[in-house]
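Take a look at the structure set out below.
The values are calculated or read from the model by the stated rules, or taken from the named source; none is laboratory data. Computed from a prediction, not measured in an experiment: that's the story for all the values here. Virtual Cβ from ideal backbone geometry, glycine too; neighbours counted across all protein chains shown. Calculation scope for accessible area: heavy atoms of the full protein, side chains included, ligands and nucleic acids excluded. Shrake-Rupley method; radii C 1.70, N 1.55, O 1.52, S 1.80 Å.
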Amino acid sequence: MQLPAAAFWLLPAFIISTSTSQQGGGENMASAWELKGRLEKAVHGEVGGGGHRRKVTCLKFNRSGSLLATGAADGSLRIYATVSTPQGLTALSSSTASTLDLRGHEKGLSSLGWNPASDTQLATCGYDRTVRLWDARHKGHETHKVTTAGSHAVNVNLAWSPNGQNLAVSNVHDQISFFDVRRFSSAEGCKRMSYKYEVHDFSWSPAGNHWVVCGAMRNGTGWLEVYTYPRQDSVFTTEAHTSTCLALSLDPTHQHLALGSADGLVSIWGLEELLPLRTMDRFNTAVSSLDFSYDGRWLAVGSEDSSSIDVTEVASGKQLALLKTEGGVNALAWHPKACLLAWSHEMGGGGGGGTGVGSLGGSSGSGGGRKEEGVRFVSVSDRV
């Protein structure tokens with residue numbers, strides 16, 4: 001059944017989370033880049049000190065882009081304030097007073113997301129089977145916490161509804177729990193749905209009346225399905241890729257949808273007809289993260305098995321830039337109001353391991369101690 005485009009994709013947009021910059025461990029460096037036919041190094045400097053002790057698994061900006069949240073495999077959660085540089089770029093504040101450390105998760109974080117209706121409310125989920133709500137104005141623990149059902153039902157991913165009233169959280173058993181945030185801690189505030197296929201990524205439609213899910217069928221074929229919300233009636237389903245669909249992103253301008261798969265393919269779909277427009281096959285490893293820029297012109301593509309980020313022009317599918325990183329890319333996101341990209345990657349280290357420092361294309365380490373994971377940023381601009 002073909003999806004009625006107007007009912008699904010038009011009307012109010014929701015914030016597609018994005019990101020800008022970030023810190024590494026110990027001593028941290030960042031590089032900003034401008035797009036002038038190709039990416040060129042523009043400015044270079046240091047940002048923020050300290051860092052997550054294990055890899056950064058998730059990161060996102062709030063709706064205004066004023067705050068960046070990062071979550072790590074050690075259960076730590078950090079919030080950074082952004083500042084404007086003399087060059088007109090957005091960077092992270094180097095002041096420790098502008099950095100907020102939040103503790104509560106007993107195991108690593110798997111996903112986080114800002115409420116699209118609030119600049120300060122943040123949701124996280126992790127391997128301790130908890131889902132937590134935080135307020136960036138509070139410097140203590142979470143404001144609310146629930147433990148999801150199932151002794152081995154580790155939480156994997158989460159997404160907010162456009163109006164910020166509902167939160168969806170998936171687990172490893174291909175179940176998604178839908179929470180009414182207004183009744184977050186009550187049993188009546190949670191409804192759970194089990195899917196017959198493997199679930200990897202998902203999102204609400206801009207109007208909030210449909211629900212988009214991608215993953216894999218039992219034979220390993222990549223799967224894309226659209227449901228009504230809140231009834232959860234399937235209105236569109238297709239075999240989208242020959243292998244598992246791992247990542248999904250909706251264009252903030254409501255023109256395109258992108259899918260990344262385990263076979264290293266990325267497809268861009270038109271939302272009016274929900275048909276694939278183009279497929280890029282230049283990726284040699286599984287695509288685990290992708291995100292559209294705020295204006296829908298560029299798509300950033302990353303892989304945990306590749307030390308680079310591909311920046312694609314959406315209109316043509318051509319590669320605009322290949323950003324070299326120091327390790328596999330764990331997460332990436334664009335800023336919601338500027339062409340600024342943030343990502344986290346595995347840090348390299350010498351001998352016995354050290355603190356990774358440096359900007360794109362290079363790193364150094366301080367011997368001994370535990371390795372700290374970092375996030376690097378790149379600013380992309382079409383200014384002539």
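Just a few scattered comments:
- Checked across segment 361-384, the condition of being within 21 Å of the chain's Cα centre (by Cα), within 20 Å of THR57 (Cα to Cα), of a type in the set (A, V, I, L, M, F, W, C) and modelled with pLDDT of 80 or more holds for no residue.
- Selection of first residues in segment 169-196 that are closer than 15 Å to ALA153 by Cα and of second residues that are exposed (fewer than 14 other Cβ atoms within 10 Å of the Cβ) and of a type in the set (A, V, I, L, M), restricted to Cβ pairs under 6 Å at least 6 apart or on distinct chains, gives an empty result.
- Segment 272-293: number of residues that are crowded, with 21+ Cβ neighbours inside 10 Å and either among the small types (Gly, Ala, Ser) or not in a strand (DSSP E or B) (or both): 4
- Among the residues making up segment 174-202, those that are open to solvent by 30 Å² or more (accessible area, probe 1.4 Å) and over 20 Å from LEU224 (Cβ atoms) are ARG182, ARG183, SER185, SER186, ALA187, GLU188, CYS190, LYS191, ARG192.
- Consider segment 118-173 and keep the residues that are among the aromatic types (Phe, Trp, Tyr) and open to solvent by less than 30 Å² (accessible area, probe 1.4 Å). The one that is nearest to the chain's Cα centre (by Cα) is TRP160.
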